[in-house]
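Taking it in order: structure first as structure tokens, then the write-up.
Quick note: the coordinates plus some simple rules give every number you see, no bench work behind them. Only a predicted model underlies this, so the values are computations on that prediction, with no experimental measurement involved. We place every Cβ from the backbone using ideal geometry, glycine too, and count neighbours over all the protein chains shown.
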Protein chains: 4
Amino acid sequence: MHMLRVAVAGASGYAGGEVLRWLLGHPEIEVGAVTAGGNAGAGLGTIHPHLFGLADRVLQETTPEVLGGHDAVVLALPHGHSAAVASALDDDVVVVDCGADFRLRDESAWTTFYDTPYAGSWAYGLPELPLVGGARGRDSLAGTRRVAVPGCYPTAVSLALAPGLAAGVIEPDDVVVVAASGTSGAGKVLKPHLLGSEVMGSMSPYGVGGVHRHTPEIEQNLTAAAGAPVTVSFTPTLAPMPRGILATCTARAAHGVTAESVRDAWRTAYEHETFVHVLEEGAWPTTSAVVGSNHVTVQVALDERTGRVVAVAAVDNLAKGTAGAAVQCLNLTAGLPEATGLLGSGVAP
Amino acid sequence: MHMLRVAVAGASGYAGGEVLRWLLGHPEIEVGAVTAGGNAGAGLGTIHPHLFGLADRVLQETTPEVLGGHDAVVLALPHGHSAAVASALDDDVVVVDCGADFRLRDESAWTTFYDTPYAGSWAYGLPELPLVGGARGRDSLAGTRRVAVPGCYPTAVSLALAPGLAAGVIEPDDVVVVAASGTSGAGKVLKPHLLGSEVMGSMSPYGVGGVHRHTPEIEQNLTAAAGAPVTVSFTPTLAPMPRGILATCTARAAHGVTAESVRDAWRTAYEHETFVHVLEEGAWPTTSAVVGSNHVTVQVALDERTGRVVAVAAVDNLAKGTAGAAVQCLNLTAGLPEATGLLGSGVAP
Amino acid sequence: MHMLRVAVAGASGYAGGEVLRWLLGHPEIEVGAVTAGGNAGAGLGTIHPHLFGLADRVLQETTPEVLGGHDAVVLALPHGHSAAVASALDDDVVVVDCGADFRLRDESAWTTFYDTPYAGSWAYGLPELPLVGGARGRDSLAGTRRVAVPGCYPTAVSLALAPGLAAGVIEPDDVVVVAASGTSGAGKVLKPHLLGSEVMGSMSPYGVGGVHRHTPEIEQNLTAAAGAPVTVSFTPTLAPMPRGILATCTARAAHGVTAESVRDAWRTAYEHETFVHVLEEGAWPTTSAVVGSNHVTVQVALDERTGRVVAVAAVDNLAKGTAGAAVQCLNLTAGLPEATGLLGSGVAP
Amino acid sequence: MHMLRVAVAGASGYAGGEVLRWLLGHPEIEVGAVTAGGNAGAGLGTIHPHLFGLADRVLQETTPEVLGGHDAVVLALPHGHSAAVASALDDDVVVVDCGADFRLRDESAWTTFYDTPYAGSWAYGLPELPLVGGARGRDSLAGTRRVAVPGCYPTAVSLALAPGLAAGVIEPDDVVVVAASGTSGAGKVLKPHLLGSEVMGSMSPYGVGGVHRHTPEIEQNLTAAAGAPVTVSFTPTLAPMPRGILATCTARAAHGVTAESVRDAWRTAYEHETFVHVLEEGAWPTTSAVVGSNHVTVQVALDERTGRVVAVAAVDNLAKGTAGAAVQCLNLTAGLPEATGLLGSGVAP
């Protein structure tokens, strides 16, 4: 059978390394060119010693020539770099961008939160996202050749809250989210606050006050789910773990809902999904159960005292939050079963 | 000079051990009897190998005879046990209870959240709490002989939000709190989810949906601060660290407030406080900076997009969240300067 | 094609869960009965929430009836329980024991270190082990129906040191090993020192002074490698991580060896092995690179000042150290390619 | 009473911050000038947010003018910088160097392991070190004005092994040490392998093969203890914790020793020491018990099978391993009781 040949640009970072990990485990994909910026020339065995299947590969330069001639290219570049690389690739090559560049459909949202020119938007790669009226995120992905992989926080938050918004059991106008992320979400970046000595044993917030760049992407998704404008108070925090996001999301319950009708909205939304699991009543997501996997766990409760619904989701920021989603989108664009190569368990304990 | 002789009941747990750590470092206090339940007879050097100054002590039974004859007794017992022990002590002995038993002034709140009979309420030991009209938590502590030490979450959340409620810059009716706690907050309890293998690398929520026992205590404090009923959506999460609480708290901004007026409310509230520090603009609390100390860091921001104020506090759940607060209350009841023995730095990195 | 049907006895512990994780990812294996002792009746989704593919399974009792009728049975039982279970299974069923019960060929060694009756010995499942005269561990595995999976420490230590002993470049009579293990090596056991609050941020030794039960097993392997009696000073330590073993092993260099001849011994030993990787000169094993995988990394250096060779190996105690090895042995006994279902990368960062 | 005014040079790193933490807690010391290199001009509240007592201080340049006029100066500089700074200070000022520059008495050892010119040697600040013939490390410290603070690994290893060497119960010629250190031992250095994402959940060795710079210092101390040349095979490892060293040390038992005579040697050596604690038989050091403190725990066992003694010590690399030792030396040079300001407990859990 024909194997898809897939190149990875920006392979030396955490996202790029994770894309390679998933490609190596995919039965229909062959890893093609593997490129980097400043790390071009380095051996993959040095940069990613956990990728034993690619230990002898050398990182090439990220150029159109090197990336050309593949069935698909996955971009794992710093934001602002994807457009130039993508524009040099043939239109019939599938390009999956793990960066933020093509996620936002609203230019002004981009301009407010990012510091590079607006590049436009691509199909948004969150297949499971429930949308108002019964549509799903995957509906826009069939046949496309350009996909924007969602951000890690937007994946967790959107999957946590969209069922309730699409079903009308929570209100769109007062959503509050506090999410904890493992440190790999910040990338392999040499900043003092990311040193192990600083991180271990410590929790800290960042991007507080509605300024984190994932905010407009979360709102875009939730607005699509609700069919009405959603504004989100979003506070991310850095947690002492390498991977994983726990998103704790609350919204006001719609008038007249019950604990059972709330749970039904979530159960129904995901009952046919392979990767999104609404846990049994009383069980709550833990990031350890999803780390290393493309799975998402979700749970919801109605706080009758305050009239708020609390929905919690756990994802692996690098897997379903980035690289697993990229491969899921590759599957969809290639006409493969969506879950091909992605069914592995979480790695726990 | 006369040293205060202080006994500790329930000394084998994490809270009891931390009380001893602070008493050992106190220049005016001498550690008297040290008691336990099931661990009576064990050497402290075995139970708490970090307390070198008490390595040769043996845990005694928790009886009125053993606890009698001290200037003060600190109780660090499972909830429901403090009343019986306290009632056997002389009225002029200072009793500081680290448990929940005497914190709630509303019997129905107790009954809703706890499974033991209501024991009444004592003076509440959160000296820095700003209250409506300019009062402080410490006002009720002078001269008292019975003090209820606040819970760890209520300490963090109340100090984070009370300035805004007392000053009227945030609204009392839609408060949302998500807090992350280190595992010592769960005590030295042998449950599978508290094993290191489960905890490390994982975040998980618990007590979701308004059912955590600290909820009515948080509401009691914030209602006192606001001078109006406050209801709180409170979700605690377990974080992979031994100590520390990071409380991320949001409330709707009052009409007409500005980023500056918000910051002013917090700055003013704590400008004369020794242990509560409003950080410089742009700096946010990290739990590592307060671990091992009686200090609290706080920061606040106005999210103009959503009209919410986000206030964050970091405390050490065992120190300012329990044992440091107990010693601070001992100082107040004994007429010592409030900060005696409590000024130590955080232990970082 | 015929899928192998494999049952797992003792599936509720960490080893059993990891066996299931690997079986789920195996293209030629179907998970059959899944049994437990005290946890029989519980849902796997509750016990191992990371095993999404088995979420709806219920743990059965560990009985001959339940375990019968499979192609193979993997035992992940507390030591002392395997013999009784195995004896009730047909002789032509493959039985792979993750416990210690059948590892030691010397009854007196068993009796000295274990507290249950000696059960005999089975083929020892460390395929890559270099033996004196050019043999390999896998030579004894072809055609067998009963396999003892090595202990986690013995896997790491034996693979680290055997090349030098088999090649005669290190001396057998003064081997010193200090190894650090993640906490899952201690199992899902409710003891205070395994609580997250105790483990995080702490290193501690245990079983010091030659009393750890893996000691005779290490010596058995190294003696087989050397063709001469090897005695090992072995000190295990508990490290603040869920998984992984780092074994730091030293032995006196044989007369006349050079840094290059030492490295050659190791390179040659593993040049055709799929799972054991001698790193490039200057690179040293880290447990993070092998966690979640069946791979082992090894490095060696000659300390010319002291005349000692230092060999270091990193393994995942639950994967190559237990469950991955079990599946590798299943492959060998079933006549499948040894690496089937085992090639996945480490999960890093 | 006259407070000692003490300046700290190199205060922005982890060692410098920890020196300040201990000085702040010292009843007879006042913090004078606080200086840095590249961080001069920064606020201490930003650099060390845990040092609440110095939050408003600004780091000054490290110049003779700024450091002049103090009773003592503590240097916490990168190696190679101390000599120039010290030479500009008056001879009657006490200078305590936390760096390596003045630790080695053998110029050739310095030249072999370090890349800067040899600066000479100062009195070595390990007061508790047992020496052959009954002397102690502190004997050389009385009246001196220049003290070299020991390295963190040498502190742990020397205190672990010296009693046996001084008493002649272990042999000096085949010492093997494997030590695990928390990441703060590497300093606040921006290297990829020190990122939290890399460190958490991982153990790795470094400086393998006798090349770590602390090796000659360890040998110098043990040679002084033994009264005979000691050569040490030393392998350090990086552990996933911010602080703490666990040193696992083995040496061949001398002819005729017993488990009891071995334990006696250690017990006797430290029975009058305040900070070094030989644990009860069967109890082993854990780093968590000493973290944040100036205490050291030690245990020893005789492995009769291999004829080796295993001695283990736990220290906090930043406290007794650096800053606590510096303050202990300050006390000695100032004629204060040696333990002044240093008696605090470990911070556990």
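Annotations for the structure displayed:
- Environment charge at C:H212 (Cβ cut-off 13 Å; Lys +1, Arg +1, Asp -1, Glu -1): -1
- Average Cα contact separation per residue, the range C:153-315, under 8 Å, 6 or more apart, as relative contact order %: 31 percent
- What separates the Cα centres of the range D:201-242 and the range A:222-290 is a distance of 50 Å.
- 0 to 90° range, to nearest 10: angle between helix A:324-334 axis and chain A longest Cα axis: 70 degrees
- Put a plus charge on the Cβ of each Lys and Arg, a minus charge on the Cβ of each Asp and Glu, and nothing anywhere else: the dipole of the protein assembly as shown about its Cα centre is then about 0 debye.
- A Förster distance of 60 Å, applied to the separation of the beta-carbon atoms of B:L343 and A:E304, puts the FRET efficiency at 0.85.
- Label-point gap, in nm, between A:A334 and D:A55 - each point 7 angstrom along Cα→Cβ: 5.5 nm
- Geometric extent, Cα atoms of the range C:153-315 - Rg, Dmax (angstrom): 15.7, 51
- Net +/- balance of residues flanking C:L302 in space, Cβ distance below 12 Å, scoring K and R +1, D and E -1: -1
- Prolate/oblate/rounded call for the protein assembly as shown, Cα gyration tensor, a/c under 1.5 rounded: rounded
- Distances, shortest first, from the label point of C:H193 to those at the same position in the other copies read 2.7, 3.0, 3.8 nm; the point lies 7 Å along Cα to C-beta.
- Remark: the range D:153-315 carries a charge dipole of roughly 580 debye about the Cα centre, counting +1 on each Lys and Arg Cβ and -1 on each Asp and Glu Cβ.
- Label 7 Å beyond Cα on the Cβ vector: A:G38 copy-to-copy distances, nm: 1.3, 5.2, 5.4
- Degrees separating the helix D:14-24 axis from the principal Cα axis of chain D, which is the longest one: 80 degrees
- Angle of helix A:215-226 to the longest C-alpha principal axis of chain A, folded into 0 to 90 degrees and rounded to 10: 60°.
- Residue-averaged [θ]222 nm for chain B, counting only DSSP H segments that reach four residues, each worth -39500 (n - 2.57): -7000 deg cm²/dmol
- Toward the positive end of the charge dipole of the range D:1-92, with +1 on the Cβ of Lys and Arg and -1 on the Cβ of Asp and Glu, the farthest Cα among D:V19, D:H48, D:I29 is that of D:H48.
- Close Lys pairs in the protein assembly as shown, defined as Cα atoms under 18 Å apart and 8 or more places apart or on different chains, number 8.
- D:E28-D:A142 FRET efficiency (beta carbon distance; Förster radius 25 Å; 0.05 resolution): 0.90
- When each of C:H255, C:H26, B:H193, A:H295 is scored by the number of other beta-carbon atoms lying within 10 Å, the sequence from fewest to most is C:H255, B:H193, C:H26, A:H295.
- Charge dipole magnitude, Cβ of K and R +1, D and E -1 - chain A, Cα centre, debye nearest 20: 520 debye
- In terms of surrounding Cβ atoms within a 10 Å radius of their Cβ, A:L246, B:L332 rank from fewest to most as B:L332, A:L246.
- Spatial separation of Cα centroids for the range B:303-349 and the range C:1-50, in angstrom: 48 Å
- Taken over the Cα atoms of chain C, the convex hull encloses 135 Å³ per residue.
- Look at the alpha carbon pairs under 8 Å that are at least 6 residues apart: their mean separation over the length of the range A:223-349 gives a relative contact order of 27 percent.
- Residues A:E128, B:E65, sorted so that the one with the fewest Cβ neighbours within 10 Å comes first: B:E65, A:E128
- Counting Lys and Arg as +1 and Asp and Glu as -1 over every other residue whose Cβ lies under 14 Å from the Cβ of D:A325, the net charge comes to -3.
- Label point of C:E280 (7 Å along Cα→beta-carbon): distances to the other copies' equivalent points are 4.3, 5.0, 5.3 nm, sorted ascending.
- Relative contact order of chain B, pairs being alpha-carbon contacts under 8 Å that are 6 or more residues apart, as %: 17 percent
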